[in-house]
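K.L.:
Just dropping this structure here.
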Amino acid sequence: MNIKRLVLGAAAGALAVTGAQAADLPVVVEPVDYVQICSAYGDGFFFVPGTEGCLRIRGRVRVDFTNRFDLDNNGVVLANRGYDDIADTGYQWKARGQISLDHFTETEFGQLRTFVNLQMNRDSGVGIDGTPTDNVLLDQGFIQLGGLLVGRNASNFVSVVGGPEVILDTAGDNPNILQAAYIAQFGNGLSAAVAIEDTTRRRPGIGNITTFFAGGNGVGPRQSLSGHYAGAKVPDLVATLAVDQGWGSASLSGVLRMLDVARRINGPAGSTFIDSTQELGWAVAGNVSVNVPFGAATSFAIGAGYGQGATRYLSGGATNASFGGRGNLLFTDGIYRGTGVRQNGNVNGNDFEKTEALVIGASLTSAFTPTVAGTLAGGWVNLQNDNTIREVNDFNVNAQLAYTPVSGFLIAAGVEYRYADVTNSQDGQGLGTYIRLQRDF
């Protein structure tokens with residue numbers, strides 16, 4: 001009995017020792033694929049685990065509070081916003097959020113880049129019974145392989161400088177636009193771009209002098225005429241030559257576009273398109289920015305442009321404004337004219353004339369301290385058309401003061417004055433102010 005107990009005790013001890021040894025064996029841990037910094041493409045990029053691509057994720061939140069004032073109280077509408085004390089909105093509140101993804105990969109065909117910037121906006125209402133608006137849009141989204149870029153990105157036509165903020169939509173802008181472009185880098189800061197761009201993004205309207213006319217052969221009920229663009233058939237052709245060096249930068253841009261337009265009869269018998277025509281619109285613009293050797297980060301920029309039938313390329317965000325009910329003659333790519341009597345399906349004296357646009361702009365930017373910077377800018381837009389005796393002169397002056405208390409956080413305030421005059425019509429003055437808070441992360 002004692003022998004039996006001894007054997008069982010020895011066996012139990014052996015099992016206990018074996019279990020203890022098994023518990024002490026090291027555990028096999030899978031290797032961790034840590035995120036690695038990818039500095040080849042700039043700050044903030046990292047290697048996507050398991051791939052050779054580099055990604056950067058960024059965001060922005062911007063809040064603007066804007067006020068608009070009518071300095072004449074004459075009912076003249078500027079910037080399609082309005083300054084009538086009763087009908088229009090004095091302030092507008094806007095919040096915007098942006099998320100961007102920037103991805104690079106090296107391939108045997110060159111550098112492959114994919115960029116996406118999503119923008120979400122929330123605005124307060126504008127005008128009588130105005131209701132808040134919100135939207136989510138693809139602000140930018142393109143694929144670039146080497147010098148070839150397709151998608152939505154900033155236009156390759158560099159508009160004339162106009163300042164840091166255009167409250168009243170006068171000075172030039174450089175909108176994001178659908179395009180297919182080839183961008184060549186020649187070294188020493190010299191580059192060139194050739195692109196086809198969506199023509200519908202920059203079609204401000206077609207004007208018409210004869211609003212009403214008599215029916216066939218000069219008799220019958222009065223009918224109305226209106227000018228229109230035809231359907232988009234050919235994209236705009238844009239080319240730019242640019243240089244960016246230690247002294248500053250300069251660019252020269254040009255655009256060719258087909259204006260396919262027509263007039264429409266609106267009468268008792270329904271709508272009918274007549275008097276279609278095709279014209280070649282064009283515009284050129286140049287800008288020079290020079291780093292001034294005084295102060296801190298001081299630069300002076302000046303630019304000018306001229307064109308026919310390509311108004312929106314030069315006048316920026318300016319749109320059809322209402323001066324004495326003649327808004328359809330302003331900020332258009334062209335204007336129809338007729339005597340007002342229809343014979344044999346045509347309007348006597350029918351003529352289409354492209355609108356000429358001339359624009360000049362300048363800006364001065366300087367940093368007063370490492371955290372405070374200011375900008376003063378101005379622009380002038382002149383529009384003429386042989387089919388009307390009216391001439392538009394639109395002046396804009398704006399200033400901004402920006403404070404950056406910490407990196408990535410901006411507090412800015414701005415003011416803008418606009419004066420617009422139409423020959424043989426009304427003129428108007430508008431004043432806009434804004435406060436902005438912006439956080440980039």
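Residues checked against (1) of a type in the set (A, V, I, L, M, F, W, C); (2) modelled with pLDDT under 90:
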| residue | (1), (2) |
| --- | --- |
| Gly309 | no, no |
| Ser322 | no, yes |
| Phe331 | yes, yes |
| Ala357 | yes, no |
| Val372 | yes, no |
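K.L.:
Take Val372 and tell me if it is surrounded by fewer than 16 Cβ atoms within 10 Å (Cβ to Cβ) and on the phi < 0 side of the Ramachandran plot.
P.N.:
On the way: surrounded by fewer than 16 Cβ atoms within 10 Å (Cβ to Cβ): yes; on the phi < 0 side of the Ramachandran plot: yes.
Answer is yes for this residue.
K.L.:
Looking at the stretch 349-385, which of its residues are closer than 30 Å to Ile209 by Cα, assigned to a strand (DSSP E or B) and not hydrophobic (A, V, I, L, M, F, W, C)?
P.N.:
Our first condition is that a residue be closer than 30 Å to Ile209 by Cα; within the stretch 349-385, this holds for 349-360, 379-385.
Okay, now just the ones that are also assigned to a strand (DSSP E or B), so 351-354, 356-360, 379-384.
Passing the criteria: Asp351, Glu353, Lys354, Glu356, Gly379, Asn382, Gln384.
K.L.:
I need the full set of residues from the stretch 273-306 which are modelled with pLDDT under 95 and within 23 Å of Lys233 (Cβ to Cβ), in order please.
P.N.:
Phe273, Ile274, Asp275, Ser276, Thr277, Gln278, Glu279, listed by residue number.
K.L.:
Would you call Asp88 over 26 Å from the mean Cα position of the chain (by Cα), more than 30 Å from Thr107 (Cβ to Cβ), among the charged types (D, E, K, R) and modelled with pLDDT under 90?
P.N.:
Answer is no for this residue.
K.L.:
Specify which of the listed residues (Val150, Val126, Val158) is over 14 Å from the mean Cα position of the chain (by Cα) and modelled with pLDDT of 85 or more.
P.N.:
Val150
K.L.:
Would you mention how many residues in the stretch 45-68 are outside any strand (DSSP E or B) and either closer than 30 Å to Tyr434 by Cα or touching a Cys at 6+ places or on another chain (Cβ under 9 Å) (or both)?
P.N.:
3
K.L.:
Same structure again: Only residues that are surrounded by fewer than 18 Cβ atoms within 10 Å (Cβ to Cβ) and in contact (Cβ under 8 Å) with a residue 60 or more places away in the chain: list them for the stretch 258-285, please.
P.N.:
Within the stretch 258-285, Ile274, Thr277, Glu279 qualify.
K.L.:
Further question: If only one of Gln400, Gln429 is out of contact with any Gly (no Cβ under 9 Å at 6 or more places or on another chain), among the polar types (S, T, N, Q) and in a strand (DSSP E or B), which one is it?
P.N.:
From the options Gln400, Gln429, the qualifying one is Gln429.
The values are calculated or read from the model by the stated rules, or taken from the named source; none is laboratory data. Quick caveat, the model's predicted, so the values are computed rather than measured. As a convention, Cβ positions derive from the backbone with ideal geometry for all residues, glycine included, and neighbour counts pool all protein chains shown.
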